[in-house]
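> Mind looking over this structure? Questions follow.
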Amino acid sequence: MDSLDIFDLENLAISADDDGIVTLSLNRPAKRNALNAATVDELIEVFSKLPRMGARAVILRAEGPHFCAGLDLVEHHAEDRRPEDFMHICLRWHEAFNKMEYGGVPVIAALKGAVVGGGLELASSAHIRVADASTYFALPEGQRGLFTGGGATIRVADLVGKARMIDMMLTGRVYKGDEAISVGLAQYLVEDSEAKALEIARAAATNPPLSNFAICSAISHMQNMSGLDAAYAESVVAGIVNTQPASRGRLEAFANKTAARVRPE
């Protein structure tokens, strides 16, 4: 893939291996990786460019014991923003997270410690979430006199349902462990979330890029459509993806019974 030297990052760290798997790290451990305005700007820059740089998958992780404690409340308090100023901050969050969700490159979040408030909004923008035993999820906005502004009403409600999200915000309810998995906050609960995220990224990176692009963008778009429009869009995407040259050898292997079969472990 293209060189990552184009990025000048202070709040994130980025690296890539020879297979095009990018590791993007939240790098404000002293702040529990809380998202200030500068970090959101860096997320926009990175996820605007990675899809065109040949990235095959992205592992989103964090330095320190916590993934992300959400909005940087110290900055928010110090800035004493006007309503219209904070509205534009929220729109930048939406821009960053939309570029993650709709960018077409698989994003796997390796979670640990706090995944709280805006940190959960960030995690919910990834395509796959891997938690470890230390991971806990919460939306404490109600207790802090706040309301979600980075897409929780869209993505977290889609994961856990409206009623659970309202409960989390009204009461400060915390989910972790098997319960967090059962309500849909993460897909995996493992001992080492970063090792599992890398395993998933390597598996995803073996798929044809066009297939991954469709999986990691078209499904989200179709969820926003009426059933009739989604059926039409799905047909168009399938027509393009299912006839791509990169699929020919894989289809031939299936037809010749030389392809790996789908089996339970």
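> Among the numbered criteria (1) part of a helix (DSSP H, G or I); (2) surrounded by fewer than 20 Cβ atoms within 10 Å (Cβ to Cβ); (3) out of contact with any Ser or Thr (no Cβ under 9 Å at 6 or more places or on another chain); (4) not polar (S, T, N, Q), which single criterion is violated by Asp158?
Against the list (1) part of a helix (DSSP H, G or I); (2) surrounded by fewer than 20 Cβ atoms within 10 Å (Cβ to Cβ); (3) out of contact with any Ser or Thr (no Cβ under 9 Å at 6 or more places or on another chain); (4) not polar (S, T, N, Q), Asp158 comes up short only on (3).
> Which of the residues belonging to the stretch 203-238 are surrounded by 12 or more Cβ atoms within 10 Å (Cβ to Cβ) and within 16 Å of Gly54 (Cβ to Cβ)?
Result: Ala204, Ala205, Asn207, Pro208, Pro209, Leu210, Ser211, Asn212, Phe213, Cys216.
Here is a yes/no grid of residues against (1) in contact (Cβ under 8 Å) with a residue 12 or more places away in the chain; (2) of a type in the set (Lys, Arg); (3) crowded, with 23+ Cβ neighbours inside 10 Å:
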| residue | (1), (2), (3) |
| --- | --- |
| Ile44 | yes, no, no |
| His76 | no, no, no |
| Lys99 | yes, yes, no |
| Val105 | yes, no, yes |
| Ile108 | yes, no, yes |
| Leu111 | yes, no, yes |
| Val115 | yes, no, yes |
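> How about the stretch 10-26: which of its residues are part of a loop (DSSP other than H, G, I, E, B) and buried (at least 18 other Cβ atoms within 10 Å of the Cβ)?
Those that are part of a loop (DSSP other than H, G, I, E, B) and buried (at least 18 other Cβ atoms within 10 Å of the Cβ): Asn11, Gly20.
> Looking at the stretch 164-182 only, could you name the residues that are surrounded by 16 or more Cβ atoms within 10 Å (Cβ to Cβ) and without any contact (Cβ under 8 Å) to a residue 24 or more places away in the chain?
Arg164
> Here is a follow-up. Hey, which of the helices (runs of 4 or more DSSP H) in the stretch 192-265, taking only ones fully inside, have at least 1 residues that are farther than 17 Å from Tyr102 by Cβ and in contact (Cβ under 8 Å) with a residue 60 or more places away in the chain?
193-205
> Okay, next question. Would you point out the residue of the stretch 239-265, among those that are among the aliphatic types (A, V, I, L, M) and surrounded by 10 or more Cβ atoms within 10 Å (Cβ to Cβ), that is farthest from the chain's Cα centre (by Cα)?
Ala253
> Moving on to the next point. Here are the criteria: (1) outside the structural domain of Asp132 (by TED's automatic domain parsing); (2) within 22 Å of Gly161 (Cα to Cα). Tell me which single one Glu179 does not satisfy.
(1) is the only condition that Glu179 fails.
The values are calculated or read from the model by the stated rules, or taken from the named source; none is laboratory data. It should be emphasised that the depicted structure is a prediction, and the values quoted were computed from it without experimental measurement. Neighbour counts are summed over all protein chains in view; Cβ atoms, including those assigned to glycine, are modelled from backbone coordinates with ideal geometry.
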